[in-house]
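Structure, as structure tokens:
Laboratory data are not the source of any read-out in this text; all were calculated from the coordinates shown. For clarity, every value in this text was computed on a predicted model and none was experimentally measured. In this analysis, Cβ positions are derived from the backbone assuming ideal geometry, glycine residues included, and neighbour counts consider all displayed protein chains.
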């Protein structure tokens, strides 16, 4: 298991980590059938989406703030503040991905696909774990 | 890794691909612990839900158009049009599944479970990758 | 593949099953790279979120009832009643997780992370499958 560091700058932010995941797979030296990308946080997530248009990343971050409303009644309020909406956004997008590997060891991403870290309670220093599955 | 072809006919459509996934696993000849089902697109997804009632599939497609609204402010507008809502629906449902295999090599689906391709920006010709994990 | 039994008491309920998953991995005696947690139902799900504050679990259950509205037009109405919203909530949160294992065989959960069964159509007796991936 290798770990990537991600620094986020905004409350809600979608960050392209495709190259970091590719580098972690290469550095592991392991061959396998698929890669597991795992976020060990509860107010963040990881997803695959289009890597071409930076405006889309703003749409995705803004859209998640509409899917789950900040103004809804929330009870949760602990050491890191009343961040219930960030927790639910995390569970909706999900904190793990499994991506197949091609025979040459490269990630079998589609033409337009990138891997994105999803921050819902930033700015923060975050980690992402990468493991190769057989 | 085997690839299934899926042809969708509507903008939002939920298509049962359970038999295609089962056939891909059988054709691979591989034995393993689980199956990875992976969608290499950014405006589609894959999910597990009930395979009994065709009306439910209409509910799921319609419901996703309410969870993420077409009328929200969207910036993204590229070669394939202003399809921001389809991209967010894709990230919410998710583009991969891992399903355990039973000892006899069959998918360990629950009694009412089927595997469904989720089109959010059709009609299109789509692909789904299937890999066996050890 | 090992199976955990979960008994839910409410219509929407988030239940901590972290210890059950840990026990299933230990009982399997298998070493591996990751653990697959799989829900063989179509009106339930599994997610990772914060295990500290019980109020957050109420927020997550209530929040899912806002993300997908009971009052929307639903067609599905079969043997177990008009539970379309529960089916869509199941597909949004998702019915499977893959969590990496550390070198010592323990789940590589983050400090605040627990594994939660998500009931959307209870009360019911439910199952969760646990498999170790290499």
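Average partner chain C-beta neighbours within 10 Å, per residue of B:82-88?
Other-chain Cβ atoms within 10 Å of each residue's Cβ, averaged: 5.
Please say if the protein assembly as shown is rounded, prolate or oblate, where rounded means a/c under 1.5 for a ≥ b ≥ c the square roots of the C-alpha gyration tensor eigenvalues, and otherwise the choice is prolate for a/b larger than b/c and oblate otherwise?
Rounded shape, in that the Cα axes give a/c under 1.5.
Let me check the size of chain A from its C-alpha atoms; what are the radius of gyration and Dmax in Å?
Final numbers for Rg and Dmax: 15.4, 50 Å.
In percent, how large is the relative contact order of the stretch B:27-134, given Cα pairs closer than 8 Å and 6 or more residues apart?
That works out to 54 percent.
Taking only Cα atoms, what is the 0 to 90° angle, nearest 10, from helix A:84-93's long axis to the longest principal axis of chain A?
Tilt relative to chain A: about 30 degrees.
Can you give the angle from 0 to 90° between the axis of helix A:18-28 and the longest principal axis of chain A, with both taken from C-alpha atoms, to the nearest 10?
Helix A:18-28 and the main axis of chain A meet at about 50 degrees.
In degrees from 0 to 90, rounded to the nearest 10, what is the angle of the helix A:54-67 Cα long axis to the longest principal axis of chain A?
Helix A:54-67 sits at roughly 50 degrees to that axis.
What shape does the stretch B:35-82 take by its C-alpha gyration tensor, where a ≥ b ≥ c are the square roots of the eigenvalues and a/c under 1.5 counts as rounded, a/b above b/c as prolate, and the rest as oblate?
Here the stretch B:35-82 falls in the oblate category.
In whole Å, how far is the Cα centre of the stretch A:99-117 from that of the stretch B:25-65?
Using only Cα atoms to place each centre, the spacing works out to 19 Å.
What Kirkwood hydrodynamic radius, in Å, does the stretch A:1-75 give when the mean of 1/r is taken over all pairs of distinct Cα atoms and then inverted?
14.8
Which of rounded, prolate, oblate describes the stretch A:7-47, given a ≥ b ≥ c as roots of the alpha-carbon gyration tensor eigenvalues and a/c under 1.5 marking rounded, otherwise prolate only if a/b is larger than b/c?
Prolate is the answer for the stretch A:7-47, as a/c is 1.5 or above and a/b outweighs b/c.
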